[in-house]
1. Considering only residues that are in contact (Cβ under 8 Å) with a residue 12 or more places away in the chain, loosely packed, with under 15 Cβ neighbours inside 10 Å and not in a loop (DSSP other than H, G, I, E, B), which ones fall in the range B:232-250?
2. Working carefully through the options A:VAL90, A:VAL11, A:VAL35, find the one that is within 21 Å of the chain's Cα centre (by Cα) and more than 7 Å from every other protein chain (Cβ to nearest Cβ).
3. Given B:ALA229, B:ALA205, which one is surrounded by fewer than 24 Cβ atoms within 10 Å (Cβ to Cβ), under 21 Å from B:ASP80 (Cβ atoms), in contact (Cβ under 8 Å) with a residue 24 or more places away in the chain and in the same structural domain as B:HIS112 (by TED's automatic domain parsing)?
4. Considering only the range B:443-467, state which residues are at pLDDT 95 or above, in a loop (DSSP other than H, G, I, E, B) and more than 12 Å from chain A (Cβ to nearest Cβ).
5. Given the criteria farther than 30 Å from B:SER302 by Cβ, of a type in the set (Gly, Ala, Ser), more than 7 Å from chain B (Cβ to nearest Cβ) and surrounded by fewer than 16 Cβ atoms within 10 Å (Cβ to Cβ), does A:SER70 qualify?
6. Name the residues in the range A:73-96 that are open to solvent by 100 Å² or more (accessible area, probe 1.4 Å), of a type outside the set (A, V, I, L, M, F, W, C) and assigned to a loop (DSSP other than H, G, I, E, B), would you?
7. Among the residues of the range B:11-49, what is the count of those that are more than 14 Å from B:GLY73 (Cα to Cα) and without any contact (Cβ under 8 Å) to a residue 12 or more places away in the chain?
8. How many residues are in a loop (DSSP other than H, G, I, E, B) and either modelled with pLDDT of 95 or more or not aliphatic (A, V, I, L, M) (or both) when one looks only at the range B:254-279?
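The values are calculated or read from the model by the stated rules, or taken from the named source; none is laboratory data. Predicted model only: the values in this text are computed from it and were never measured. Positions of Cβ are generated from backbone atoms using ideal geometry, with glycine treated the same way; all protein chains shown enter the neighbour counts. These accessible areas exclude ligands, DNA and RNA; they are computed on the full protein's heavy atoms, side chains included. Shrake-Rupley method; radii C 1.70, N 1.55, O 1.52, S 1.80 Å.
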Amino acid sequence: MSISPEQVLKVSRLARLELSDDELATMTAQLSQVVDYVDQLSELNTDDVVPMAHALDLTNVFVVDQVAESLERSQALANAPHADGECYLVPAVMGD
Amino acid sequence: MSLFDLTACEQLAELASGRTTSVELTQACLAQIDAHDSQVGAFLHVDRAGALAAAERIDARRQAGQALGQLAGLPVAVKDVLCTQGMPTTCGSRMLEHFRPPYNATVVDRLHTADAVLIGKTNMDEFAMGGSTENSAFQATHNPWALDHTAGGSSGGAAACVAAGMVNLSIGSDTGGSIRQPAAHCGVTGLKPSYGRVSRYGLVAFASSLDQVGPLARTAEDVALLLGAVAGHDPRDSTSANRPADEYLAQIAQPLTGLRLGVVREHFAEGLDPAVQRSVREALTVYKSLGAQVSEISLPHSKYAVATYYVIAPSEASSNLARYDGVHYGYRTDEQAMLTELESQRARLEAAGDEQGLAELDSALVRMYRRSRAEGFGPEVKRRIMLGTYALSAGYYDAYYLKALKVRRLIRQDYDAAFRDVDLLVGPVSPTPAFRLGELTDDPLSMYLVDLYTASANLAGVAGLSLPCGQSNGLPIGLQLQAPPFAEARLLRAAHMFQQATDWHAQRPALCSSS
């Protein structure tokens, strides 16, 4: 395995995911397989190659800074799993 | 001749002459959906009442002699990855099962402006991640040509509904082949436009530098009609290209003289099904008979496309899907049960004096994020988020993400060099015809390898089109044409030439005639 279960666990925390024990075992094997496949990229010498993050060479697309209509608060909150009509509600963030 | 036998362009003529109405067309679509979709599973949502009401309004305006849009009265299906105001937009995910967008995607707005009738939302792999539409949280889509086979993916519903005669015009999205591969497997014509040709505003993001919205239909003419209605610059998508769209339909009947086709040598390496190879070679013979020059060409880095893609796409996905946090919209876990469990975990750790366990214990908010995402996402989405998070994490970023961006440049340079010598690249869409449902579900890497011939177009940002060019054991085979960025008109004219000379695109699955 090119990736250990400990690494997968760490990545799952970074990714804000929870994995069951079964998922951890499957994920470790599957991620290792894909990472091994991807490792073929290391065959290529890319020392002088400029990375390509995007297909279009666009820089600084500006728009006029104008006040425009935006969503009503009720619309913005309409899909919230938990809201009080004014704010999104989440579990307490501060200590007791 | 029934409505069912007509293409969208032919239906437009019937509508204009008053020989049919939008209501009749819409009812014909709904009847076909009623007859077959319980077997095919192409739609996640059919907007029966809304579609009929829209059709009535368009018919009334036509009767009153008012000017109408370019799709006036034609039913269109939309992949469930595009936001439709007030209508479910699930992305095939439990995460968005109850999500009703407060706004329309630009493409959906343009369909309305063109006076299309939005008939419903089509099934897809969850968040467009997959090549078989089996990753939908709600249902698998079955191939209308053979119901025990997949329709391809991720736009499997979008392709299957056209193949099954439920609708003539369909909108999909393509990040690594998700329009072209299901189009090939279902025997329809599908176009992935150049990156930036069609607005991504309101398209639920998977991999933002690769995603592109595009049309599927039975003929290149109908694809041109639909592309013309949705393409063009959109100030709300800063990555949409600020250049006018071409007159795709008006130009389509002009044959291309002296067309230079390049056959990609690397596409005929091991792994290509012999029947697919034969059909592609036969298609080349057709093009030669139409006056095209065919030469062999090399894309030396094409064998690295899948590896490059499966670093870049998951990396972008892991970032894009961070928004599903159970707070603003989407699924949230049962908060009370989660808090109760967390408290008892804390109490156990405290009783045991486990300082490290306590330090590592999630806060309530983080546990809420993690549990909501664990319950709301399916296995493939989790796999991609994990892969992307790994590739972007400290110590691996240079080796994976940065490396992949560099190889992406090499892949683009291969295309630039090829298009100096030829007008279009031609080859297979997928290594095999449609595979059986369940055949690859336990083998993620094999599923990824079905993107072998398609992913590079997304990485390079070029346009790609799939059109039917043969069959094997009753399953359709697709031919892929690729063009330089923004040469969609050339691509469609070449596809139209082929369809004037062959009738693969006119073949219908047996299921269609059983209604």
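1. The answer is none; no residue qualifies.
2. A:VAL35
3. Going through B:ALA229, B:ALA205 in turn, just one is surrounded by fewer than 24 Cβ atoms within 10 Å (Cβ to Cβ), under 21 Å from B:ASP80 (Cβ atoms), in contact (Cβ under 8 Å) with a residue 24 or more places away in the chain and in the same structural domain as B:HIS112 (by TED's automatic domain parsing): B:ALA205.
4. Answer for the range B:443-467, where residues must be at pLDDT 95 or above, in a loop (DSSP other than H, G, I, E, B) and more than 12 Å from chain A (Cβ to nearest Cβ): B:TYR453, B:THR454.
5. Considered against the rule, which asks whether it is farther than 30 Å from B:SER302 by Cβ, of a type in the set (Gly, Ala, Ser), more than 7 Å from chain B (Cβ to nearest Cβ) and surrounded by fewer than 16 Cβ atoms within 10 Å (Cβ to Cβ), A:SER70 comes out as yes.
6. A:GLU86, A:ASP96
7. Adding up the residues that qualify gives 3.
8. Qualifying residue count, the range B:254-279: 8.
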